[in-house]
Amino acid sequence: MGQITATWNKTMKEFLRQKTVLFWTIGWPIIWVLIGSFSFTSNVPSEALSYTRGAISISMMVFALMTAGMANLPGNIAQDRERGLLTKVMSMPVSPWRDFTGRILALLAFSGFSVMLVISVGLVCGARFFFTGIDFMESLAFIILIFVGSAGIGMLIGTFVKQVHGAIMSGVGLTVVSAALSGVMTPYQYLPSVLQNFARIYPISSANSAITYLLVGEEYAGYNPLSAGQTVPTALVALLLFILGLITYSRLCWKKD
Amino acid sequence: MDAIHAENLSKKYGDNEVLKGVNLRIAEGEFYALMGPNGSGKTTLSSIIASVRSPSSGKIEIYGKKPEKAKKLVGYLPQENFSSPLLTGKENLMYFAGLLGYSKGEAVKIVEGLLKKVGLWEEANKRVYHYSGGMRKRLEVATILFPGLKLLIMDEPTTGLDPSARRKFLGLIQELRNEATTILLITHIGADADLASRVGLMDKGSIIAEDRPERLKKNSGLENVVNIETSIKNERVASLLSKFSEKLNVLETETGYRVFTEDVEEATPKIVRGLDEIGCKVIRIETAKPSLEDVFFKLTETKVREVD
């Protein structure tokens, strides 16, 4: 059992045993899948209903990924620092990179678990998707980009916001506000043009649009997010956020006074 | 070989010099207590030894190596409760076993032994959230008892423990002492420091005295102490008692005062009468030998511990 496995085990158990983490990452998106599927679809023509529900499920899946990366991860980092665990671990022959890898793998597993639950509830509520094997693989790549971008932002929050509640609230706040402003929770077509521009730059919302485009169709995405001019910056910004978060975490959180 | 060898160690935060040229040698197998009030630099010194902080200047070696190269030999118990309340006692220790690189099979055996050693085997599968303060501290002590750790650094481990938990904890430290492990105990409690083979008194970033506990007391020049539990504590009572304290001011304690006098038999009835005259009831009065806290007070005119 190495350091990565030990950190993975600990972090995963902490995620699964915290009721607030479970509620905000799994419960809340599922509630919105239920509300969205049955209350907000009364004016939708019956032939489009199942795909509208599909689009709602995708948005809530993205919201779950955002909460996991931007709120749960920094909450976990801040908690370990606040209670002195990070000090204890720093006194041991532990590599920051292994600690980081363990945390990220746990977050990936937990995020994967929440994605499956949210999409399963969506399917039970009547959501339908049309896709080929390639579409599915491409969607998976965009899901990973959302995870990577959110985790990068989460590591930045966890490094700079020292208090647990501060870190969690900053993460939740950023998730809700950025999801609302970037078209994750509001249809892209209804956004003012300035926010439409933001939605295209913000890697999480552009990846959300790409998944929606691939799995339920262009009319639900609002634009074509799969052009090279759109996908390359999406991938680059998401990776940049992750690398920035990684360097900041390993340099500053583990820095000796 | 010395377990710890520090020479002229300093630590500055801006203009604030927390450690001022500390020299410290602790031999292998020694039980050394570093005693001083909050803010005296004890925690900073211990965290430099544990490689959690870096010194601003000076030299430090742990078993002849730089602290960051000696991490495999050092078990550090920080002041805070660092165990995860969401995990069970066993899961917490399995996490640390993993960080130390033990295979799962080895870890299971070692963790079982450690939980038995700290008396938590029965509670091993309960989440730490349900542990008392004493149980949690014992669990955390187990994290520095993994095989191969030769130097144990404990930063104020008995703070916040009730008397019973504290006694159990000190019993555990005694057992460790018998195993010839090097122990560095950071404390502000004289009775805890009394268990050590050598005590360093620390004040304002320097070690101001260092010796065996009994020699520190003997060399302090303090003969006897009258320990008085009073019904009230105020300036008037302290002022009256200071007339009987020949060598030193009176020391305020949690329940009353400590008066330092040479002739206890003569002073005691006078103290009782004097207090009675100003309307202060004596609940308990007893003579005692000076403690390490008294020695610290004698040397610095400041208290190691604040009282309410």
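For residues in the stretch B:145-157 being not in a loop (DSSP other than H, G, I, E, B) and not charged (D, E, K, R), which is farthest from B:G39 (Cα to Cα)?
To start, the set of residues in the stretch B:145-157 that are not in a loop (DSSP other than H, G, I, E, B) comprises B:151-155.
Still in the list and also not charged (D, E, K, R): B:151-154.
Details: B:L151: 24, B:L152: 22, B:I153: 18, B:M154: 17 Å.
For the stretch B:145-157, the residue satisfying everything is B:L151.
In the condition set (1) in a strand (DSSP E or B); (2) within 26 Å of A:W8 (Cα to Cα), B:P85 is compliant with all but (1). When A:A64 is tested against the conditions (1) in a helix (DSSP H, G or I); (2) out of contact with any Pro (no Cβ under 9 Å at 6 or more places or on another chain), the lone failure is (2). Looking only at helices (runs of 4 or more DSSP H) that lie completely in the stretch A:169-235, which have at least 1 residues being within 13 Å of A:F142 (Cβ to Cβ) and among the polar types (S, T, N, Q)? Fully inside the stretch A:169-235 and qualifying: A:203-215.
Among the residues of the stretch A:8-20 satisfying the criterion of being more than 10 Å from chain B (Cβ to nearest Cβ) and under 18 Å from the mean Cα position of the chain (by Cα), which is farthest from A:G122 (Cα to Cα)? Top of the filtered list is A:M12.
Considering (1) closer than 16 Å to B:L299 by Cα; (2) assigned to a helix (DSSP H, G or I), the lone condition that B:L248 does not fulfil carries the number (2).
Screening the candidates A:I31, A:I58 for the property of being under 21 Å from the mean Cα position of the chain (by Cα) and free of Cβ contacts under 8 Å to residues at least 24 places away in the same chain yields one hit, A:I31. Annotation: of all residues in the stretch A:114-130 being in a helix (DSSP H, G or I) and buried (at least 17 other Cβ atoms within 10 Å of the Cβ), the one that is nearest to the other protein chains (Cβ to nearest Cβ) is A:S114. Among the residues of the stretch B:115-122, none qualifies, meaning not one is within 24 Å of the chain's Cα centre (by Cα), in contact (Cβ under 8 Å) with a residue 12 or more places away in the chain and within 20 Å of B:I4 (Cα to Cα). Residues in the stretch B:36-64 that are in contact (Cβ under 8 Å) with a residue 60 or more places away in the chain and within 17 Å of B:D2 (Cβ to Cβ) were compared, and the one that is nearest to the other protein chains (Cβ to nearest Cβ) is B:A50. Does A:G102 satisfy the criteria of being crowded, with 23+ Cβ neighbours inside 10 Å and assigned to a helix (DSSP H, G or I)? Answer is yes for this residue.
Regarding A:R17, is this residue of a type outside the set (S, T, N, Q) and touching a Gly at 6+ places or on another chain (Cβ under 7 Å)? It would help to see each step written out before you state the result.
Numbers: of a type outside the set (S, T, N, Q): yes; touching a Gly at 6+ places or on another chain (Cβ under 7 Å): no.
It is false that A:R17 is of a type outside the set (S, T, N, Q) and touching a Gly at 6+ places or on another chain (Cβ under 7 Å).
State whether the residues of the stretch A:82-94 include one that is closer than 28 Å to A:G27 by Cβ, aliphatic (A, V, I, L, M) and either within 13 Å of another protein chain (Cβ to nearest Cβ) or within 14 Å of the chain's Cα centre (by Cα) (or both).
Let us first name the residues in the stretch A:82-94 that are closer than 28 Å to A:G27 by Cβ, namely A:82-83, A:85.
If we keep only those that are aliphatic (A, V, I, L, M) as well, we get A:85.
Then drop every residue that is not either within 13 Å of another protein chain (Cβ to nearest Cβ) or within 14 Å of the chain's Cα centre (by Cα) (or both), which leaves A:85.
Within the stretch A:82-94, one or more residues are closer than 28 Å to A:G27 by Cβ, aliphatic (A, V, I, L, M) and either within 13 Å of another protein chain (Cβ to nearest Cβ) or within 14 Å of the chain's Cα centre (by Cα) (or both).
The set of residues in the stretch B:92-123 being away from chain A (no Cβ under 13 Å) and buried (at least 18 other Cβ atoms within 10 Å of the Cβ) consists of B:L114, B:L115, B:V118, B:L120, B:E123.
Return the residues of the stretch B:265-287 that are within 19 Å of B:A238 (Cβ to Cβ) and not charged (D, E, K, R); say none if nothing qualifies. Of everything in the stretch B:265-287, those that are within 19 Å of B:A238 (Cβ to Cβ) and not charged (D, E, K, R) turn out to be B:A267, B:T268, B:I271, B:V272, B:G274, B:L275, B:I278, B:G279, B:C280, B:V282, B:I283, B:I285.
Could you look through the stretch B:68-82, keep only residues that are part of a helix (DSSP H, G or I) and in contact (Cβ under 8 Å) with a residue 40 or more places away in the chain, and pick out the one that is farthest from the other protein chains (Cβ to nearest Cβ)? Walk me through how you get there before you give the answer.
Restricting attention to the stretch B:68-82, the residues satisfying the condition of being part of a helix (DSSP H, G or I) are B:68-69, B:71-73.
After this cut, where a residue has to be in contact (Cβ under 8 Å) with a residue 40 or more places away in the chain as well, the list is B:72-73.
Numbers: B:K72: 5, B:L73: 10 Å.
Here the residue is B:L73.
Just to be sure before I move on: is A:W97 closer than 30 Å to B:V141 by Cβ and more than 10 Å from chain B (Cβ to nearest Cβ) in the structure I sent?
Working: closer than 30 Å to B:V141 by Cβ: yes; more than 10 Å from chain B (Cβ to nearest Cβ): yes.
Considered against the rule, which asks whether it is closer than 30 Å to B:V141 by Cβ and more than 10 Å from chain B (Cβ to nearest Cβ), A:W97 comes out as yes.
Look at (1) surrounded by fewer than 20 Cβ atoms within 10 Å (Cβ to Cβ); (2) away from chain A (no Cβ under 11 Å); (3) modelled with pLDDT of 95 or more and you find that B:G89 fails only one, number (1).
The values are calculated or read from the model by the stated rules, or taken from the named source; none is laboratory data. All figures in this text were calculated on a predicted structure; none of them were measured in a lab. Counting neighbours? That spans all protein chains shown, and the Cβs are built from the backbone with ideal geometry, glycine included.
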